[in-house]
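Below is one structure, written out as structure tokens; the observations come after it.
The values are calculated or read from the model by the stated rules, or taken from the named source; none is laboratory data. Everything quoted here is computed from the prediction, not taken from an experiment. No Cβ is skipped: glycine too gets one built from the backbone with ideal geometry, and neighbour counts run over all protein chains shown. With ligands, DNA and RNA removed, areas are computed over all heavy atoms of the protein, side chains included. Shrake-Rupley method; radii C 1.70, N 1.55, O 1.52, S 1.80 Å.
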Amino acid sequence: MSINATLFFQAIVFLILVWFTMKFVWPPIAKALDERAQKIADGLAAADRAKSELSAANQRVEKELAQARNESAARLADAERLAQSIIEQAKARASEEGNKIIAAAQAEAQQQAIRAREALRDQVAALAVKGAEQILRKEVDATVHADLLNRLKTEL
């Protein structure tokens, strides 16, 4: 065989191999590459969607956290105001109670002073009667002279 025939047969075998590859081998490889490219594109799109959803979720979380902070601050302020009002009410009640106690003590002191004055008047009247008795050297009847003794009490 000549070299030309060998080259010719090799060219024909090469062309058959190229045709076979183009007909049976190349389409599944191209299909697999296209499917892989589609999967990658879908994955990238899903990643972009996930990023945007994550960003939206983060914004919602921040918004809810800010709202929760505001609500807790408002509740804390309400609690502080309530505590202040309770303290003020307790102070007012304590002041009223103290004033009542002071007024009662003053009234009691006035009553005791009046009783002491009355007792003192009685003692002075008794001493005056004793003194008059000793001066007159005779007995004075307290029941007979009750009116006189009452006038003496009022004068004292």
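For the stretch 3-74, the alpha carbon convex hull comes to 71 Å³ per residue, rounded to a whole number.
Here is the P(r) of the chain: all C-alpha pair distances, binned every 10 Å from 0, give 8, 11, 9, 8, 7, 7, 6, 6, 6, 5, 5, 4, 4, 4, 3, 3, 3, 2, 1, 0 in whole percents.
Note on residue 70 and residue 113: with the Förster distance fixed at 41 Å, the Cβ-Cβ geometry gives a FRET efficiency of about 0.05.
Overall, the accessible surface of the chain at a probe of 1.4 angstrom is composed of carbon and sulfur to the extent of 62 percent.
The shape of the stretch 82-121 comes out prolate: with a ≥ b ≥ c from the C-alpha gyration tensor, a/c is at least 1.5 and a/b beats b/c. Each residue of the stretch 23-34 is assigned a 3J(HN,Hα), and the resulting list reads 7, 10, 8, 5, x, x, 5, 5, 4, 5, 5, 5 Hz, derived from the Karplus form 6.51 cos²θ - 1.76 cosθ + 1.60 (θ = phi - 60°), x at Gly and Pro. Mean residue ellipticity at 222 nm, helices only, the chain: -33000 deg cm²/dmol; runs of at least 4 DSSP H residues each add -39,500 (n - 2.57), and the sum is divided by the number of residues. Of the three principal axes defined by the Cα atoms of the stretch 38-97, the extents in descending order read 86, 9, 5 Å.
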